[in-house]
Protein chains: 2
Amino acid sequence: MKAKVHVTLKRGVLDPQGKAIEHALHTLGFGGVENVRAGKVIELDLTAADEAAARQEVEAMCNRLLANTVIEDYAIELVA
Amino acid sequence: MKAKVHVTLKRGVLDPQGKAIEHALHTLGFGGVENVRAGKVIELDLTAADEAAARQEVEAMCNRLLANTVIEDYAIELVA
């Protein structure tokens, strides 16, 4: 089973990487761009057989390693 | 209009960040994890009114700044 984990900064947390991208886009002439936010995606293959077990395992991974839950949110997407 | 750009390394390109995450997960006891790949998501707000114009603009941004098309693929997701 494949899983995709989307890790994004929580609302209200300053995103310097997103701000830098926004500034660079403006400099390149893309003026109509706002609120740029940068996040991460982590794709992984799991040996877990059923979806419930897989989701539980990936949630544990997110809480322990993949996301900093103080400032980041995560979303898990499972693909059979 | 909102856009999400997913930037991932092309197949076959070595992904040291993904390898490091995989190794760390194994160390934490998550043995059943393989083929970990790390990518980026960039979320942005656009002033472009219609979807075709928005997609064209975001594609130009990807080619000029957001993705390194030699080693990375990108996928654009538009949300009205």
Of those in region A:29-41 that are touching a helix residue (DSSP H, G or I) at 6+ places or on another chain (Cβ under 6 Å) and of a type in the set (A, V, I, L, M), the residue nearest to residue B:7 (Cα to Cα) is A:38
Restricting region B:69-80 to residues that are more than 12 Å from every other protein chain (Cβ to nearest Cβ) and loosely packed, with under 14 Cβ neighbours inside 10 Å, the one modelled with the lowest pLDDT turns out to be B:80
Could you say whether any residue in region B:30-37 is over 30 Å from residue A:54 (Cα atoms) and either within 12 Å of chain A (Cβ to nearest Cβ) or touching a His at 6+ places or on another chain (Cβ under 6 Å) (or both)? no
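Conditions (1) of a type in the set (A, V, I, L, M, F, W, C); (2) more than 8 Å from chain B (Cβ to nearest Cβ); (3) assigned to a strand (DSSP E or B), marked per residue:
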position	(1), (2), (3)
A:23	no, yes, no
A:26	no, yes, no
A:42	yes, no, yes
A:53	yes, yes, no
A:58	yes, yes, no
Within region A:29-80, the residues that are more than 22 Å from residue B:22 (Cβ to Cβ) and hydrophobic (A, V, I, L, M, F, W, C) are A:30, A:33, A:36, A:38, A:52, A:70, A:71
Restricting attention to region A:1-21, the residues that are in a loop (DSSP other than H, G, I, E, B), touching a residue at least 24 places away in the same chain (Cβ under 8 Å) and in contact with a strand residue (DSSP E or B) (Cβ under 7 Å, 6 or more places away or on another chain) number exactly 2
Per the list (1) at the interface with chain A (Cβ under 7 Å from one of its Cβ atoms); (2) in a strand (DSSP E or B); (3) surrounded by 14 or more Cβ atoms within 10 Å (Cβ to Cβ), residue check on residue B:48 breaks on (2)
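The values are calculated or read from the model by the stated rules, or taken from the named source; none is laboratory data. Quantities reported herein were computed from a predicted structural model and do not represent experimental measurements. Because the Cβ atoms are built from the backbone with ideal geometry, glycine has one as well, and the counts that use them run over all protein chains shown.
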